[in-house]
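The values are calculated or read from the model by the stated rules, or taken from the named source; none is laboratory data. This structure is a prediction, so every number in the text was calculated from the model and none was measured. Because the Cβ atoms are built from the backbone with ideal geometry, glycine has one as well, and the counts that use them run over all protein chains shown. Quick note on the areas: whole protein, heavy atoms, side chains included, nothing else; ligands and nucleic acids left out. Shrake-Rupley method; radii C 1.70, N 1.55, O 1.52, S 1.80 Å.
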Amino acid sequence: MSDARKVHIKSFGCQMNVYDARRMADTLARDGYAETAHAEEADLIILNTCHIREKAVEKVYSELGRLREMRAEAETRGRSQMIAVAGCVAQAEGKEIIRRAPSVRLVVGPQNIHRISELVARANNGEAVVDTEFAVEDKFEQLAAPKPEATRARGISAFVTVQEGCDKFCTFCVVPYTRGNEASRSVERILRETQTLLSQGVKEITLIGQNVNAYHGKGPEGRDWTLPRLIARLAEMPELLRIRYTTSHPRDMDDELIEAHRDIEKLMPFLHLPVQSGSDRILDEMNRKHTRAEYLKIIERARKARPDMAFSSDFIVGFPGETDQDFEDTLSLAREVGYAQCFTFKYSPRPGTPAADFGAQVPEEIKSERLYRLQELIEAQQHAFNLSCVGRELDVLFEKPGRHEGQIVGRSPYLQPVPVIAPSSIIGSVARVRVNELRTYSLIGELVAQPQISPTNNSAAEVNAFA
Ligand code: SAH
Ligand code: SF4
Ligand code: F3S
């Protein structure tokens with residue numbers, strides 16, 4: 001293959017897909033494909049799709065229609081483009097995609113992306129290729145390592161998949177069908193990948209999985225490790241400054257993990273813990289396997305372990321059978337917790353999931369009205385939380401130049417953007433910032449001290465910047 005080939009990957013959905021897109025790009029780089037942000041100039045276009053909500057499949061087909069036109073136009077210029085579909089719609093639809101959109105020559109499920117090179121080669125030879133076998137163990141073993149040039153371009157915060165799939169079967173959710181059974185990567189693999197990322201300048205790792213706190217990967221001594229044990233091991237790596245994890249399920253939020261927030265300084269005091277509803281009746285219908293009181297208890301324990309902990313959640317409004325009272329219970333739960341931010345969704349019936357066939361589907365206007373009310377509350381909470389940071393000193397991990405001359409932007413422990421005037425050598429280190437002002441969602445502040453944690457490999461330059 002020639003070095004001039006280009007691949008464009010367009011990802012939808014969760015961080016899992018972002019991670020998969022990066023690993024596909026890293027794998028294809030070995031075959032001489034450079035990544036491009038422009039679909040028009042690509043030889044290979046991969047739509048990395050999401051199936052979680054509303055009309056996902058239709059959106060993919062309409063996107064494919066657009067790509068087909070673009071491809072026809074490219075052909076008139078003598079360029080041939082290959083179109084591939086990956087991700088959760090690929091898994092759910094399989095060969096149906098090629099039947100409905102013959103311009104697609106390759107369909108690859110999320111558990112098969114480690115085979116992307118071979119599949120692309122077959123498709124380039126004229127075969128219509130569909131690979132949606134569940135093969136997560138192979139994926140975990142064979143995924144390409146992150147590429148240095150690519151990592152540098154992608155910044156100092158990186159995702160590492162530690163777990164994939166789900167056995168919880170919430171009645172509204174497609175994930176157990178598109179990502180398969182829950183499976184964990186081995187500790188060794190995760191440490192190796194993290195070490196590679198760190199050697200390429202990464203300073204913050206977010207461990208990701210559909211149920212990341214159900215992690216149970218094989219440790220070097222042959223026994224399964226828990227997520228908090230993995231976090232404690234990662235925290236020993238000197239170049240790693242910050243650790244996060246997402247998404248957690250309330251059922252797997254045990255004492256050991258909560259205590260890790262108390263004991264491990266590098267573990268950020270921010271917990272995304274989806275609750276979906278504040279009504280016990282609806283939680284039961286959703287098969288969430290926990291009550292409102294149990295959820296609130298977790299929040300209380302986490303706050304006790306780490307008083308500066310902030311929380312976020314996912315909510316679904318208008319689940320089948322949700323009454324005004326059930327919805328009021330959701331509002332009251334949100335008031336009781338006081339979130340730093342949340343994602344809110346209207347229930348969307350997903351074909352093949354139990355709740356899609358439940359009676360008493362909630363009319364669209366009621367869903368919209370409830371969504372509006374919940375969003376109003378959440379926005380007020382987010383604003384109050386952001387305002388509560390004004391006047392405080394926060395540790396900020398600096399990531400990249402800001403919009404204005406001389407400005408560098410970092411993130412607070414709570415993921416808020418924090419632009420300050422600073423030398424660019426501060427990028428990649430943590431420094432303390434006094435927050436003076438809130439501007440929309442950003443905290444405006446000034447440096448108050450030298451970097452808190454000086455990474456061993458490049459600390460001199462960073463400390464000098466403050467002299
Ligand atoms: N594993 C995570 C999140 C999975 S999907 C968890 O257990 O919470 C991300 C979010 O999408 C979910 O938390 C849920 O709020 C939302 N979601 C999933 N299926 C949905 C559906 N059918 N309709 C509306 N929202 C949905
Ligand atoms: Fe979906 Fe529930 Fe599994 Fe989360 S826990 S991925 S919402 S089935
Ligand atoms: Fe979407 Fe699949 Fe993630 S359905 S949310 S891309 S697991």
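Between the amide H of V275 and those of D314, distances stay under 5 Å, these residues lying 5 or more places away or on another chain, with hydrogens modeled in the peptide plane.
Dipole of the range 186-309 (Lys/Arg Cβ +1, Asp/Glu Cβ -1, origin at the Cα centre): which of A293, L198, S277 lies farthest to the positive side? My answer, from the dipole projection, is S277.
For H404 and E265, a Förster radius of 25 Å and the Cβ-Cβ distance give a FRET efficiency of 0.20, rounded to the nearest 0.05.
Multiplying the residue separation of S388 and I444 by 0.36 nm and subtracting their alpha-carbon distance yields 18.9 nm. In this structure, the amide hydrogen of D224, modeled 1.01 Å from its nitrogen in the peptide plane, lies closer than 5 angstrom to those of G219, counting only residues at least 5 positions away or on a different chain.
What the Cβ-Cβ distance of E69 and R281 gives, at R0 = 56 Å and to the nearest 0.05, is a FRET efficiency of 0.70.
For the range 317-406, the list of trypsin sites (Lys or Arg not before Pro) that fall in a loop by DSSP and count at most 10 other C-beta atoms within 10 angstrom reads R403. Within the range 204-226, whose backbone N sits under 14 Å from a point 7 Å along Cα→Cβ of E137? Once the point is set 7 Å along Cα→Cβ of E137, 218 turn out to lie under 14 Å by backbone N, inside the range 204-226. For the pair E236 and D314, a Förster radius of 41 Å applied to the C-beta separation gives a FRET efficiency near 0.80, rounded to the nearest 0.05.
Bridge orientation summary for the chain: considering DSSP beta bridges with both residues in this region, about 35 percent are antiparallel.
Dipole orientation for the range 306-429: of the candidates V337, Q375, S425, S425 has the Cα lying most toward the positive pole (charges on Cβ; Lys, Arg +1; Asp, Glu -1).
Between D255 and E58, the modelled labels are 5.1 nm apart [label points 7 Å from Cα along Cα→Cβ].
For a paramagnetic label modelled on F343 (point 7 Å from Cα along Cα→Cβ), amide N atoms under 18 Å away belong, within the range 1-39, to 10-22. Placing +1 on each Lys and Arg Cβ and -1 on each Asp and Glu Cβ, with no other charges, gives the range 70-203 a dipole about its Cα centre of roughly 500 debye.
How large, in Å, is the chain by the Kirkwood hydrodynamic radius built from its alpha-carbon pairs?
23.7
Applied to the range 306-323, the Karplus parametrisation 6.51 cos²θ - 1.76 cosθ + 1.60 on θ = phi - 60° returns per-residue 3J(HN,Hα) values of 8, x, 8, 5, 10, 10, 9, 8, 10, 10, 10, 9, x, 4, x, x, 5, 8 Hz, with x for Gly and Pro. Working note: Karplus 6.51/-1.76/1.60 with θ = phi - 60° gives the range 256-267 the couplings 4, 6, 5, 5, 4, 5, 6, 9, 10, 5, 6, 7 Hz, where Gly and Pro are set to x.
Dipole size of the chain about its Cα centre, with +1 on Lys/Arg Cβ and -1 on Asp/Glu Cβ: approximately 680 debye, rounded to the nearest 20. Full extension of the chain segment joining T323 with L415 gains 29.7 nm, where the gain is 0.36 nm per residue of separation less the Cα-Cα distance. Note: relative contact order over the chain, using C-alpha pairs below 8 Å and six or more positions apart, is 9 percent.
How far is the Cα center of the range 304-334 from the Cα center of the range 226-259, in Å? Here the answer is 24 Å between Cα centres. Note on K203: lysines with a C-alpha under 26 Å away, same-chain residues under 8 apart excluded, are K10, K139, K147, K218, K266, K400.
Counting 0.36 nm for each residue step from A4 to A380 and taking away their Cα separation leaves a gain of 130.3 nm.
The heavy atoms of F12 present about 70 square angstrom of accessible area, all protein chains included, probe 1.4 Å.
Taken about its Cα centre, the range 139-386 carries a charge dipole of about 840 debye when Lys and Arg each add +1 at the Cβ and Asp and Glu each add -1 at the Cβ.
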